[in-house]
Amino acid sequence: MPRAIERSLTLSAATLGATALLAGCAGGGGGAAAPAQSDGSIAVNASDTACEVAKAEAPAGKITFQIANRGTKVTEFYLYGTGDRIMGEVENIGPGLTRRLIVEAPDGGTYTTACKPGMVGDGIRAPFTVTGQASRSVDSNARLAEATASYKRYVNSQIEALVPKTQEFVDTVKAGKVEEAKAQFPVARVYWERIEPVAESFGDLDPKVDGREDDERGPGESFTGYHRLEADLWRDGLKPDSGAIADQLLVDIKDLQARAATVELTPVQLANGAKELLDEVATGKITGEEDRYSHTDLWDFKANVEGSQAAVAALRPVIDEKDKALGPTLDQRFADVEKLLEGYRSGDGFKLYTELTDADKKKMADSVDALGEPVSQVAGVVTST
């Protein structure tokens, strides 16, 4: 998701190196026009001031973008549908690196591409046209249909827990019970963090619910949501408007519940979401900037990994059918991360992030990057014919 600070500046050397591994082949320098791709993908040359997309249209169906960052800032690339609904995104593309994004766009119409140098703001946007109509992969493949149905059931189950846990947190904040609210804060967020890619796909909700204090905001927008209340509880003390902020958080979570009930997901969105959750860990949780006041980052770390695993699990029958070696590798890498996290348990939760040593953080960076490599292959496997 877009954040106002350039998170890459705080990443450890180990994380940066592993990010390069996940990114695949490196791009060259310069600002030449994006070249045609022999594999049918659409080349995107991203820089600090431009977002050059080789084609402004594509036929409906599977669309693949190959994004090369030729600038000096970490960037992101998005394909938006109507109302800024995120059809697909790829984050944390470091200078000189190339990342691939596969999306499924079965419906013709006007879409929008965007590069976000520095990972801030609305980005450098351009219209993108999808022509014709294509059958959805779930319409012709029963296993893919069941995968998306299974994952949607998972999302709904998480939201069904998120709403009452957030209600409990809100009520405690409004009652002025600071220590109780502090204990409830990371627990409520677990359910949000597990399904964050779905929540983020509704572009207007995520900034209100999960925005950071120093995020770039438009006119009339203010710092709200979980992290505003986190700052009040741990840093500033509860304020006269903390209750109103809490009430709005619950309204936004219930809005998410209503929207998610009708959302249509594609198999490639599940695959991309699994990778996005690990990118969240690599670019936010590893640095400690996510929960900078409470230092409860490991709760979020655990939830992101669990959410990634749930998306992969839903797709597992398709993965096993198309690439028999990938599934066992994914199982082992998820198990490795789980074992590492269990070592940082404290009671029913986790140690505070400030209690970890640099060596601990490096172990986590290495573990999540090792997991991210096979997870990054899932979208290509799922969309292969």
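Across segment 278-298, the qualifying residues are those that are assigned to a helix (DSSP H, G or I) and modelled with pLDDT of 95 or more, and the one among them that is farthest from GLY327 (Cα to Cα) is ASP297. Residues in segment 117-147 that are outside any strand (DSSP E or B) and either crowded, with 21+ Cβ neighbours inside 10 Å or charged (D, E, K, R) (or both): PRO117, GLY118, MET119, ASP122, GLY123, ARG136, SER137, ASP139, ARG143, LEU144, GLU146, ALA147. Here ILE86 fulfils each of the conditions (1) closer than 30 Å to VAL138 by Cα; (2) in a strand (DSSP E or B); (3) modelled with pLDDT of 90 or more apart from (3).
Based on what the data block shows, is THR113 closer than 24 Å to THR283 by Cβ, among the hydroxyl-bearing types (Ser, Thr, Tyr), at pLDDT 95 or above and surrounded by 19 or more Cβ atoms within 10 Å (Cβ to Cβ)? Judged against the criteria, THR113 is a match. For the residues GLU216, GLU276, the requirement of being closer than 30 Å to ALA105 by Cα, in the same structural domain as GLN309 (by TED's automatic domain parsing) and either surrounded by fewer than 19 Cβ atoms within 10 Å (Cβ to Cβ) or out of contact with any strand residue (DSSP E or B) (no Cβ under 8 Å at 6 or more places or on another chain) (or both) singles out GLU216. Look at (1) within 21 Å of the chain's Cα centre (by Cα); (2) in the same structural domain as ASP252 (by TED's automatic domain parsing); (3) surrounded by fewer than 22 Cβ atoms within 10 Å (Cβ to Cβ) and you find that TYR151 fails only one, number (3). Have a look at GLU230, GLU193 and point out the one that is part of a helix (DSSP H, G or I) and within 20 Å of the chain's Cα centre (by Cα). Among GLU230, GLU193, only GLU193 is part of a helix (DSSP H, G or I) and within 20 Å of the chain's Cα centre (by Cα).
Starting from residues that are among the β-branched types (Val, Ile, Thr) and surrounded by fewer than 16 Cβ atoms within 10 Å (Cβ to Cβ), keep the ones in segment 347-380 and report whichever is farthest from the chain's Cα centre (by Cα). Per the stated criteria, the residue is THR357.
Residues in segment 361-375 that are at pLDDT below 95 and hydroxyl-bearing (Ser, Thr, Tyr): none. Looking only at residues in segment 59-83 that are modelled with pLDDT of 90 or more and either small (Gly, Ala, Ser) or in the same structural domain as ARG259 (by TED's automatic domain parsing) (or both), the one that is farthest from ALA282 (Cα to Cα) is ALA60.
For segment 190-216, name all the residues that are of a type outside the set (Asp, Glu) and more than 18 Å from LEU229 (Cβ to Cβ). Hits for segment 190-216 are ARG194, ILE195, PRO197, VAL198, SER201, PHE202, GLY203. Just one of (1) in contact with a strand residue (DSSP E or B) (Cβ under 9 Å, 6 or more places away or on another chain); (2) under 18 Å from GLY380 (Cα atoms); (3) of a type in the set (A, V, I, L, M, F, W, C) fails for LEU326. It is (1). May I ask you to list the residues in segment 299-346 that are outside any loop (DSSP other than H, G, I, E, B), charged (D, E, K, R) and surrounded by fewer than 23 Cβ atoms within 10 Å (Cβ to Cβ)? If the condition is that a residue be outside any loop (DSSP other than H, G, I, E, B), charged (D, E, K, R) and surrounded by fewer than 23 Cβ atoms within 10 Å (Cβ to Cβ), then GLU306, ARG316, ASP320, GLU321, LYS322, ASP331, ARG333, ASP336, GLU338, LYS339, GLU342, ARG345 are the ones that fit. In this structure, ILE253 qualifies as buried (at least 24 other Cβ atoms within 10 Å of the Cβ) and at pLDDT 95 or above.
The values are calculated or read from the model by the stated rules, or taken from the named source; none is laboratory data. A quick note: this is a predicted structure, and the numbers were derived from the prediction, not measured. Methodologically, a virtual Cβ is constructed for each residue, glycine included, from the backbone with ideal geometry; neighbour enumeration extends over all protein chains shown.
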